[in-house]
Structure formats: structure tokens, C-alpha cells
Amino acid sequence: MAAGVPPDALGRRVSCGTDYGTVRYVGTVSPSAGIWLGVEWDDPQRGKHDGSYEGTQYFKCRHPKGGSFIRPNKANFGVDFLTAVKDRYGLNDKQDVQYGAGNTVVFGTKTVEFVGMDSVAEQQRQQLNKLVDISVRECAVSHAGQEEEISRTCANMRHINLSKNLISSWETVVAIASQVQNLETLNVSENKMRFPSTSTFTCRAFSNLKILALNQTEITWTEVLLCAQGWPVLEELYLSSNNITVLERPDNVLQTLKLLDLSDNQLVDGNQLHLIAQLPRLEQLILRNTGISSIHFPDAGFGCKTKMFPLLKRLAINDNKIAQWSSINELDKLPSLRALQCNNNPLMDTEKNPETLIQLIIAKISQLEVLNNCEILPAERRGAELDYRKIFGKEWLEAGGHWNPEKNKPSEEFLAAHPRYPTLCLKYGAPEEGELKGQEPLTLKNQLLTLTIKCPEKPEQKPVEKKLPESMTIQKVKGLLYRLFKIPGSELKLSYESSKLEGKEVELDNDLKPLQFYSIESGDCVLVRW
């Protein structure tokens, strides 16, 4: 092997300036003399060809212009882990130990008393031993270094960021991790590396690992399951942008997992999720931009809970291809779901008014507390459910629904489209025909609410009846009441009682929301306190 070229150069990761690539060929390229490295670049725009030169194919590339030849002296094959740590934290022997004034040595950023070079080396070891959270991102780490050197020098590390380095294989990661006794967090993202294709026992290396990031590493799901045998207590696993297209059932592995991120992997088929649905402790699943167009839990019928994903509390399905409301209906089957992110799906274009869209989702998923990172307040849920009950009331009646339980037989088609409707009827009462007759085109007259305004703490103040537009904000209502009762609007506290639900009082606590947000209807009573 030529000078400057490692004996295991083939398949190694290299950098050249700011570009990263993988060595696919080492040898001569006719007619020029000397050794060349054939590199397949991560960014195809850095390349010139597909690994062939003047009719001869020296290596192969995924992209037709993803490869080029460089001289070995242009390639950086990287450094060992400890060298990178010392460089990053200013503890490199050659560069950073300088003589200070008198009997002192400037060591990194600290000045220590000089009592011989042995003492300086010992001081350096003590400094490295204090490091708990280490980041050597983009420090060209390619190998572990001398055996046991890391464990002797950095014994207290718990969190390591090794992202975007020159690590070529999972074996290198194991070699580093096996020397860190209490490793809890490890990020090796953006290292395109080889993973074992057969089972390897590496349990001791990751025996305490809780969080692992393997984004952009080209790992497959099969390789994940093989390596996972060595992650006995793992709680968070990040696998975004890995071209994972097929899932398999994780038997006896990942059983402690609480968070799984599969973002930016084209799973396409939502039924793939059934294969990971029995992970017993999974609480958060991130499926952003995975290409899924539908979600279905076939083990549960209308209004029932699925046995899949038993503890799943937080689900992210934003940036996908979900276009049907049936997928939102299915999410109500998840027994523990509390938070949902679903922005940027075709479904979001089915309603012109974004407020209406949000209300429909809230009404359809009973236990949801946070939607697209916004907390759902009790009044907002109540308003959404009452509106939903009213909007689809006519359809319910036409499908066989009836306020009399003995005559109430809505069709299967209606229940499939609105599985929560029977529950909402039980909660708020079934809508009656008279209640639904007023759904004419919305004119200003129809939008005016006739409300009684009372001051319960001021009995001397007689109730007043007012006609107010349902689009009027609470802030403007307060301004009106200020003029009416001659009191500062900022000091007012408003609530209302529904004429249909006696004794229940709902706070009007958001000045920017309109009256219709709280589902106030004509005949209701607004209560004013100050």
C-alpha cells in the first residue's frame, strides 16, 4: 500500500475540504502514474463520473456523476477518538501545554503549578476525567485508538456526540462505547457506516444506554433489530432519513423503548405500523414525512379501543399524504393518545376555515389534549363537540338517528363516518328536529345572538337583554359592558350559562376569541363579575 494510504482504506470514510465520501477504489488509473483513490461522494455534485475513466470501470456509484479520483494526500482519513476530544477541549499535549510565568504551566485554559512534566500529564488526565458531556461533532473521528486508552482517560463520560465524523463501521462505535462504563446518550448520526448482517453480542458496550441517535447512517430496520440485542435498556431511538421502507416485528428487542423517530423514511404503507404496534412501553412515535396515506386499526370496531400501541401518548404524522377523515376517526381508537401533530396533510385542505378543521379533529378524538403543539382548553373541546353534534345532526336524523333510544338506529355508513356521534349524544343529549331546523344560510340576522346579561354579585343591577353578533370577540363584548355598567373592561370576568345545561358555567377566558368559539346560543345567559 502506498505511503499515506491505510491498509484498510477500501470502504473507509474520508473528507476532502468540506466534502465527505467513501473510498471505493485504491490503485493506479491508466495512463497516469501513482496511486489514486476512487471516491463516491455523499453530494453527487462533488463528483465527475460513475467510477469509470476512459472506458474502464474502476468502481461503481449510485449516482451517474457521484464519483471522482483524488490523490491520497488530499484525503483525510481522520483521527482517533481521544485525539479529537483533546483537540476540541484544548487539552492537546503538542499544542496547548505552554510554559507560563515562574513555576506554572498553561494547560488548556487553566494555569497549574509546574512540578515536572509527569505532573502535567496527570493534570491532563484529571481534566479529561471530569468531562461528562462530550461533543466531537465534525472532528474527523474515524477510529477508537489504542485499546483501553479511552477508559483510562475519560472514565466519567455519560453523553457523547459523535455525529458527522468519519466512522465507517458500527464496530468502531462499539470499540469506543465499550470503554465508557456509564454511557447513557450516544449520537452517531450523519456517519454513513456498515452495520453487522448477523447477530453480534455487544450487550456490555451499551448496557446503560438510554438514548441513541442513528439519523442519516443508512441503517436498515433489519440491522436495527440485530444491533438492538445489545441495547437492553434503550428508551429513545432516532432513525430519521435512513431509507427504511420495510419494518419487521421486534421480537424480544426494543421492549424498553419509549420514543421512536422514523421521520423521513418512505414507509408508504400505513399497515407497516402494525408490525411495531406491540412495543409495550412506546409513548411517542414520530412519523413525519413517511409517505403514509392512511391509518387503520382493524382489531377494534366503531367506538372501541385498539390493543395496538397501548401506551402511545404522542403521535406526529405531519407532512404525509393522509387525505381521508377515516384516519382521524381511527386515532380515537388509541387508548392513551393525548398529543397529535398532523399539519401538512391533504386532509387539511378539505375545509376552507382552519378553525373548523381544528374543531372537527378535536371532536373526533376524545382524549386529545394537545393538537399541533397547541393546548386544547376544556371550553374549546366543549364548543367543538357541541358544534359537531349540531353540524351533522341533520345527517344523523336522515341516517336513522332519533332522540328516542328505542327508535335510534343510525346506519353503519353514518357510524363509520362519525364513530363518536353516539357518545356525543349521550354526553350532551340527542339533537331534536326543532334544534336543527334553523340551519339556513348564514345572514347577519341569523348570526345575531339574543343574550341575557346578568351581574350575579350585584343584585341591584337588573338583567339586560342584548343582540350581539356571534363573531364579536370577548374583548369587544367587555368594551360594550364597560359602557353599559360604567366599569373598566380590563377588570371584568365573563362566563355564561347554557339554557340547555342548567347549573353549568363556562368561563369566557380568551379576549381574542369570538362568542361562537364558545358555542354560545340565543337564550343563553352571560354572567358579569368585577
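Results, tabulated for the structure shown:
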{"quantity": "Failed condition for Ser411, given (1) at pLDDT below 85; (2) polar (S, T, N, Q); (3) under 42 Å from the mean Cα position of the chain (by Cα)", "calculated": "(1)"}
{"quantity": "Residue in the stretch 382-403 that is of a type in the set (Asp, Glu), open to solvent by 10 Å² or more (accessible area, probe 1.4 Å) and not assigned by the TED database to the domain that holds Cys425 present", "calculated": "no"}
{"quantity": "Pairs with Cβ under 6 Å, 6+ apart, first in the stretch 144-166 and closer than 11 Å to Ser189 by Cα and in contact (Cβ under 8 Å) with a residue 24 or more places away in the chain, second of a type in the set (Ser, Thr, Tyr) and part of a loop (DSSP other than H, G, I, E, B)", "calculated": "Ser163/Ser189"}
{"quantity": "Pairs where the first residue, in the stretch 362-391, is in contact (Cβ under 8 Å) with a residue 60 or more places away in the chain and the second is assigned to a strand (DSSP E or B) and open to solvent by less than 30 Å² (accessible area, probe 1.4 Å), C-beta under 8 Å, 6+ apart", "calculated": "Ala379/Val506; Arg382/Val506"}
{"quantity": "Looking only at the stretch 116-142, and only at residues there that are polar (S, T, N, Q) and in a helix (DSSP H, G or I), the one that is modelled with the highest pLDDT", "calculated": "Asn129"}
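Conditions tested, residue by residue: (1) assigned to a strand (DSSP E or B); (2) open to solvent by less than 60 Å² (accessible area, probe 1.4 Å); (3) in the same structural domain as Gly429 (by the TED database).
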| site | (1), (2), (3) |
| --- | --- |
| Val477 | no, yes, no |
| Leu484 | no, no, no |
| Ser495 | yes, yes, no |
| Ser499 | no, no, no |
| Val506 | yes, yes, no |
| Glu521 | no, yes, no |
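The values are calculated or read from the model by the stated rules, or taken from the named source; none is laboratory data. Bear in mind the structure is a predicted one, so any value in this text is a computation, not a measurement. With ideal geometry, Cβ positions are generated from the backbone for all residues, glycine too; neighbour counts draw on all protein chains shown. Note: areas computed on protein heavy atoms with side chains; ligands, DNA, RNA excluded. Shrake-Rupley method; radii C 1.70, N 1.55, O 1.52, S 1.80 Å.
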